[in-house]
1. Residues THR119, THR176: which one is hydroxyl-bearing (Ser, Thr, Tyr) and over 16 Å from GLY263 (Cβ atoms)?
2. Just to check your reading of the model, which residue among GLY168, GLY179, GLY214 is more than 17 Å from ILE249 (Cβ to Cβ) and loosely packed, with under 14 Cβ neighbours inside 10 Å?
3. Please work out if GLY109 is within 20 Å of LEU209 (Cβ to Cβ) and small (Gly, Ala, Ser).
4. Please find, within the range 277-320, the residue that is surrounded by the most Cβ atoms within 10 Å (Cβ to Cβ) out of those that are without any contact (Cβ under 8 Å) to a residue 12 or more places away in the chain and more than 19 Å from ASN77 (Cα to Cα).
5. Which members of the range 88-125 meet the condition of being farther than 30 Å from ASP140 by Cβ, modelled with pLDDT of 90 or more and among the aromatic types (Phe, Trp, Tyr)?
6. When you check ILE246 against the structure, is it surrounded by fewer than 16 Cβ atoms within 10 Å (Cβ to Cβ), within 24 Å of THR105 (Cβ to Cβ) and at pLDDT 85 or above, yes or no?
7. List the number of the failed condition for LEU85; all other conditions in (1) modelled with pLDDT under 90; (2) surrounded by fewer than 24 Cβ atoms within 10 Å (Cβ to Cβ) hold.
8. Could you check, for the range 73-81, whether at least one of its residues is modelled with pLDDT of 90 or more, within 30 Å of GLY179 (Cβ to Cβ), crowded, with 19+ Cβ neighbours inside 10 Å and not β-branched (Val, Ile, Thr)?
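The values are calculated or read from the model by the stated rules, or taken from the named source; none is laboratory data. Predicted model, so just to flag it, every value in this text is computed and none were measured. Because the Cβ atoms are built from the backbone with ideal geometry, glycine has one as well, and the counts that use them run over all protein chains shown.
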Amino acid sequence: MSRSALTRDAALRAPSPLFGRPAPARGVFTSNTGFLRALGGLGIVLLAVLPFLDASRYTISIATSALIYVMLAMGLNVVVGYAGLLDLGYIAFFAVGAYVSGIFTTVLGWPMWAALPATVLACILAGIIIGAPTLRLRSDYLAIVTLGFGEIIRITANNLEITGGPSGIHGIPTWTFGGWSFADGFTIFGLHFPERVVFYYFVAIVVVLVGVIGAGRLAKGKLGRAWKAVRDDEDAAEAMGINTYIAKITAYIIGAVWAGLAGQLMATHLSAISPNSFMFLYSALILMAVVLGGMGSTPGVIIGALFVSLAPELLRDFSEWRFLIFGVLLVVVMLFRPAGLWPATAVLPWLKKKRPVPPATAGFMAVPPPTSNEDLETIDDEEEER
């Protein structure tokens with residue numbers, strides 16, 4: 001048998017790497033991940049310390065509203081930032097969550113925690129009903145249709161008797177667990193925490209656990225990679241075997257659930273809701289928070305939501321000029337940071353200057369060379385004896 005035939009029939013072996021891959025850096029100042037985790041831990045500490053620094057009703061109310069905006073922006077980031085679906089009617093799911101929880105607690109007399117599964121189920125159904133026909137569209141057409149659905153939800157709530165019509169729903173109760181409710185507050189180590197502070201902590205916990213951690217984990221999984229593939233090029237993603245329609249409607253439903261939970265928290269926080277609370281302006285503000293912070297970036301979306309929700313309050317001393325100043329600030333930020341305040345591809349400044357370390361070459365050419373001539377001759381002799 002010829003040498004070429006033996007070489008052709010020999011079992012193939014994948015070559016081993018020429019050098020070992022270095023372990024990823026995990027330090028606070030040596031990696032993006034470590035720095036973001038440290039920054040997140042610092043943010044949680046600041047959330048815990050804020051009531052001890054200023055527990056006034058105004059401060060806690062503004063902080064609670066800002067956290068709810070963060071959760072809304074995280075949900076829209078799944079739809080727009082990860083899946084690339086331009087949704088201009090996202091406030092509709094916020095309204096569904098608020099109205100369903102308000103109806104179940106005021107009309108049916110359910111406790112708020114019991115209305116939570118109903119809110120989630122209603123948002124899933126709303127996501128399917130709205131998303132099933134509209135997600136066949138793309139780009140501008142999708143934006144126009146979602147805008148229409150957002151207005152349909154608001155007008156429907158404005159004309160139904162069960163939703164209170166233009167007056168809305170009033171007297172929405174707070175969260176109760178057995179014989180204790182947030183309205184009672186609690187006392188620990190001789191320090192009394194009133195209702196507003198306790199609810200602030202509850203919102204902070206929900207936002208951190210569900211909004212930030214949940215959306216971040218989804219983005220790193222198989223589903224998140226499918227979303228990003230659809231966002232980058234839907235045709236190419238479909239050619240690679242991704243069911244783009246299922247990926248898009250899944251993102252839409254998850255975003256709807258996030259918004260519904262935020263709506264339930266807002267209904268409890270304000271204890272009253274009306275159709276005027278769910279106008280198109282709020283959809284634009286939430287979308288602005290996502291684009292301003294950086295689409296697909298968890299820290300960027302948080303910064304954008306805090307900026308959009310807190311900037312008008314911080315500029316309240318300027319009276320009627322505050323919205324003009326707010327608009328100018330938005331234009332300036334978008335001019336100098338077109339990719340967002342913290343883009344998804346952002347690299348820390350001090351890591352950009354870090355020189356790459358050449359890989360260790362101790363294992364270089366560790367794979368034995370191909371079969372030598374002597375080995376081939378031995379194989380030829382064995383074949384002749386056979």
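1. Details: THR119 fails: over 16 Å from GLY263 (Cβ atoms).
From the options THR119, THR176, the qualifying one is THR176.
2. Numbers: GLY168 fails: loosely packed, with under 14 Cβ neighbours inside 10 Å; GLY214 fails: loosely packed, with under 14 Cβ neighbours inside 10 Å.
None of the others qualify; the one that does is GLY179.
3. Values: within 20 Å of LEU209 (Cβ to Cβ): no; small (Gly, Ala, Ser): yes.
Answer is no for this residue.
4. First, the residues of the range 277-320 that are without any contact (Cβ under 8 Å) to a residue 12 or more places away in the chain: 281, 314-320.
When the remaining residues are screened for being more than 19 Å from ASN77 (Cα to Cα), the result is 314-320.
Numbers: LEU314: 13, LEU315: 16, ARG316: 8, ASP317: 7, PHE318: 13, SER319: 7, GLU320: 6.
Result: LEU315.
5. Answer for the range 88-125, where residues must be farther than 30 Å from ASP140 by Cβ, modelled with pLDDT of 90 or more and among the aromatic types (Phe, Trp, Tyr): just PHE104.
6. Numbers: surrounded by fewer than 16 Cβ atoms within 10 Å (Cβ to Cβ): yes; within 24 Å of THR105 (Cβ to Cβ): no; at pLDDT 85 or above: yes.
No.
7. Going through (1) modelled with pLDDT under 90; (2) surrounded by fewer than 24 Cβ atoms within 10 Å (Cβ to Cβ) one by one, LEU85 breaks only (2).
8. no
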